[in-house]
Amino acid sequence: MANAPSAGLAAADPRVLALAAEVTQSREQDIPLLLLKLKGILSSASLGCEELKKIKQDIYDYDLTQYCMLVLRQDHSRLRGGWATAAQLAEILSHCCVGLEVKEDPEEFYKKFLPSAIDNLLVLGRRLQARFIRTIKDEEKGAFLGWLQTVADAICWLFGGHVQLAACVLQNDHFLQLLITGDVETAVIMMSVLHHILRVNSSALLQIDEETLHSVLDELVYKLSSTTNPVIGNAATKLLLLVAKYCKELVKLLTTRYKGLRELLSNQWTGKGFDKHLGQLLDLLYLEQSSGKGEMQRQHQAACKIQAAWRGFQTRKRIKKLPQAVTTLQRSFRAKREQELQHLRKQKEDETLKLQMQLQRQRAMRLFHERQLALLDIIHASQVDKYMEEMEGKSALTIQRFWRGYRARRKFHLQKQSLKEYKAAVIIQRAACKFLEKRRRRRPPCPWKDPKGLTDEQRLALQQKVDDYIKLHPASQMSEEMSKELHMQAQEKLAQFLRRSRPDRRAAQRREVLLAQVNANMELLMSAPGLAETTEKVLDVFMSRSIPVATKARQSHNTMLKYTRCPWWKKLGDEFMEDDIIPDDALSAELGTLFIGGRKSF
């Protein structure tokens, strides 16, 4: 499927762009009617001009032709607009593809997209033909016949612009099924399509396989032999004349495969209003048969008589057995019809589901790309990598969460029986503990027993051990003056350490304040609105210094109150500080979150 044009190419038509966005955001049942707007867009430019080619290229790039092709496979009897909308979409699709020159990946367009478009148009033609045959009312039959003619013209227009599609149409099974019909009106339409194929590409019959060629010729000859309608006879005769004129190799095939064709044409279709074309066809067949006419013709006539007598005998025999075979035939026909209906119903459901999945996938992909483009417009270029890392992290967390939930649920189902046993064991243990506790409470308390005391000999032995230890480890004693002097030395060293570390703490505090200010500036700039959306109120918030000053004063006041209420051991060493200085540890939390906006004035 083609992608939207990049920003470096010429700007797309705004009407096509708006229609593509509207189709993407609309419901499935509204898409067919929206696509009809393409007809007005195409008719706004003259045929063959560069503007029309550019419009067709934009329609293909924005996948609107793909939408048209997918919509054609739906059952339009349940959609808004009905079969008339389907016929118009077929005409729009053919006009969009003719004159389109795809430069990016042309192989996909010519080898995949165009054959798929032909197949979808022929499927739509089959559905219209079936509706026409089943319809009883004349008005509805006329409407379906007109829509079928529109679809046939769209097919002719498409392979008229792309000659290589003529052989593709002939090899399609849906075309053969459309051609092999007993209905006069639809048969004439399909023979006109075949006539147009031979006019556009005279060698198309030589490009298809032998089985398909024989099927087409068999159907034409069968129509000549099985009907007396001059319209069918005229169309079939013209087609065989074109085959004989443009494909000289097929004249011999007509004379050898259908040996009684010349007699059939001369006896049954002479004087029906198209003697000119009939005479030319008979002359071509006569020239081919003139070399071996004698004995071969007599043998052929004898063989025809034998075959006629044998077929008559077989027919009379079958007619006698016909009443007995009617029941079996009806049963087999009904069973086959029911099987075909079930198959068609299942195929229709599969096609609908596949179509819905494709449309949802396309809509989701388009919305994802649009969201990415919108985010690229909003996010600064320096923050794109950070944003993508955050999105990857969130996606990974989401995947992990779903996987762990699934694994936990599966594990829970596997361990459900063991959990039941565990709960049962807990209940039994709880009941047993309650029972034992009740029994313990009913028992009388045991009398208190004094601990055994030491004897005199044991006391003397312990006292002797204590005295020996004291003699071996005498305690060092210190006078009161030495203790005070040692305390003063410790206080002086502590004061010196505090004086030396104060500049370092102030420098570290200043660095933390600057870091907090830089982080606050970054956060404010990242969350700031654009210049087009900036108001005076937003500027006042950014430039005002009163709010941060008030916040600083309030925080300093709260810090002072907390400091005065601290215990004595937290104020150790404060006698060496000034009265108006608060410890840096108490203000580190406050300064780390403070930011004063605006600019410094010198």
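Report the accessible area of residue 478, computed with a 1.4 Å probe over the heavy atoms of all protein chains in place, in Å² rounded to the nearest 10.
Surface open to solvent at residue 478 totals about 110 Å².
Could you please report the charge total around residue 25, scoring K, R as +1 and D, E as -1 over all other residues with beta-carbon less than 11 angstrom from its beta-carbon? Don't skip to the answer; put the middle values down first.
Working: positive: 27, 363, 366; negative: 22, 30, 370.
Charge balance near residue 25 sits at 0.
Lys/Arg Cβ at +1, Asp/Glu Cβ at -1, dipole of region 270-426 taken about the Cα centre: which of 405, 367, 279 is farthest positive-ward?
Farthest towards the positive end: 405.
I'd like the distance between the alpha-carbon centres of region 105-164 and region 352-387, rounded to an integer number of Å.
Going from one Cα centre to the other spans 35 Å.
Ordering 147, 157 by how much accessible area each has at a 1.4 Å probe, largest first, what is the list?
Greatest to least solvent exposure: 157, 147.
Quick one: order 406, 222 from most to least accessible surface, probe 1.4 Å.
On the way: 406 105, 222 135 Å².
Correct descending sequence by accessible area is 222, 406.
Counting heavy atoms of the protein chains only and a 1.4 Å probe, report the per residue accessible area for region 174-330 as a whole number of Å². Walk me through the intermediate numbers first.
Working: 8880 Å² over 157 residues.
That works out to 57 Å² for each residue.
Can you give the accessible area of residue 250, probe radius 1.4 Å, in Å² rounded to 10?
Rounded to the nearest 10, that gives 10 Å².
If we count every other residue with Cβ under 11 angstrom of residue 76's Cβ, Lys/Arg +1 and Asp/Glu -1, where does the sum land?
Details: positive: 73, 78, 80, 127, 131; negative: 75.
Net of charged neighbours comes to +4.
Any idea what Rg and Dmax come out to for region 22-167 if you just take the C-alpha atoms, in Å?
Cα only, region 22-167: 15.3, 49 Å (Rg, Dmax).
Where the only charges are on Cβ atoms (+1 Lys, Arg; -1 Asp, Glu), what is the dipole of region 326-389 about its Cα centre, to the nearest 20 debye? Let's see the in-between values first.
Working: 13 positive and 9 negative charges, 132 e Å.
Roughly 640 debye for region 326-389.
With charges only on Cβ, +1 for K and R and -1 for D and E, what is the dipole size of region 213-352 about its Cα centre, in debye, rounded to 20?
Numbers: 26 positive and 13 negative charges, 155 e Å.
Value, rounded to 20: 740 debye.
On the full set of protein chains, 1.4 Å probe, figure out the accessible area of residue 482 and give it in Å² to the nearest 10.
Residue 482 exposes around 110 Å² with every protein chain in place.
Tell me the net charge near residue 168. Cut-off is 15 Å between Cβ atoms, residue 168 excluded, with +1 for each Lys or Arg and -1 for each Asp or Glu. Write down the numbers at each step before the final one.
On the way: positive: 111, 112; negative: 119, 173, 209.
Surrounding charge for residue 168 is -1.
State which entries of 53/112; 137/354; 39/354 exceed 29 angstrom in Cα-Cα distance in the structure shown.
Values: 53/112 21 Å; 137/354 34 Å; 39/354 27 Å.
With Cα atoms farther than 29 Å apart: 137/354.
Mind running the shape call on region 179-334? Use the C-alpha gyration tensor, a ≥ b ≥ c as the square roots of the eigenvalues: rounded below 1.5 for a/c, prolate if a/b tops b/c, oblate otherwise.
Values: a/c = 1.88, a/b = 1.30, b/c = 1.45.
It is oblate, given that a/c is not under 1.5 and a/b is not larger than b/c.
Taking the Cα centre of region 42-158 as the origin and placing charges on Cβ (Lys, Arg +1; Asp, Glu -1), which of 86, 44, 67 is farthest toward the positive end of the dipole?
Of the listed residues, the answer is 86.
What's the long-distance tail for region 306-361, i.e. % of Cα pairs beyond 18 Å? Could the numbers behind the result be given before it?
On the way: 977 of 1540 pairs.
More than 18 Å apart: 63 percent of the Cα pairs in region 306-361.
Any lysines with Cα under 23 Å of the residue 336 Cα? List them, leaving off those in the same chain fewer than 8 positions away.
Result set, ordered by chain and number: 321, 346, 348.
In what order, largest first, do 321, 305 sit by accessible area if the probe radius is 1.4 Å? Please list the in-between numbers first.
On the way: 321 115, 305 150 Å².
Ranking 321, 305 by accessible area, largest first, yields 305, 321.
So if the hydrodynamic radius of region 139-255 is defined as the Kirkwood radius over C-alpha pairs, what does Stokes-Einstein give as its diffusion coefficient at 20 °C and 1.002 mPa s, in µm² per second?
Working: Rh = 14.5 Å.
For these conditions, the coefficient is 147 µm²/s.
How many percent of the accessible area of region 307-380 is carbon or sulfur, using a 1.4 Å probe? Walk me through the intermediate numbers first.
Numbers: 4040 of 6750 Å².
Roughly 60 percent of what the probe reaches on region 307-380 is carbon or sulfur.
Let a ≥ b ≥ c be the square roots of the eigenvalues of the Cα gyration tensor of region 300-429; is it rounded (a/c under 1.5), or, if not, prolate (a/b larger than b/c) or oblate? Let's see the in-between values first.
On the way: a/c = 6.17, a/b = 1.96, b/c = 3.15.
Because a/c hits 1.5 or more and a/b fails to exceed b/c, region 300-429 counts as oblate.
So, with a 1.4 angstrom probe, what is the percent of accessible area on region 1-154 that is carbon and sulfur? All intermediate terms of the calculation are to be shown ahead of the outcome.
Numbers: 3840 of 7300 Å².
Taking all protein chains in place, region 1-154 shows 53 percent carbon and sulfur surface.
The values are calculated or read from the model by the stated rules, or taken from the named source; none is laboratory data. In this text the structure is predicted, and so the values were computed from the model without any measurement. So basically every Cβ, Gly included, is an ideal-geometry build from the backbone, and we count neighbours across all protein chains shown. Just so you know, the surface numbers come from the protein's heavy atoms only, side chains and all, with ligands and any DNA or RNA stripped out. Shrake-Rupley method; radii C 1.70, N 1.55, O 1.52, S 1.80 Å.
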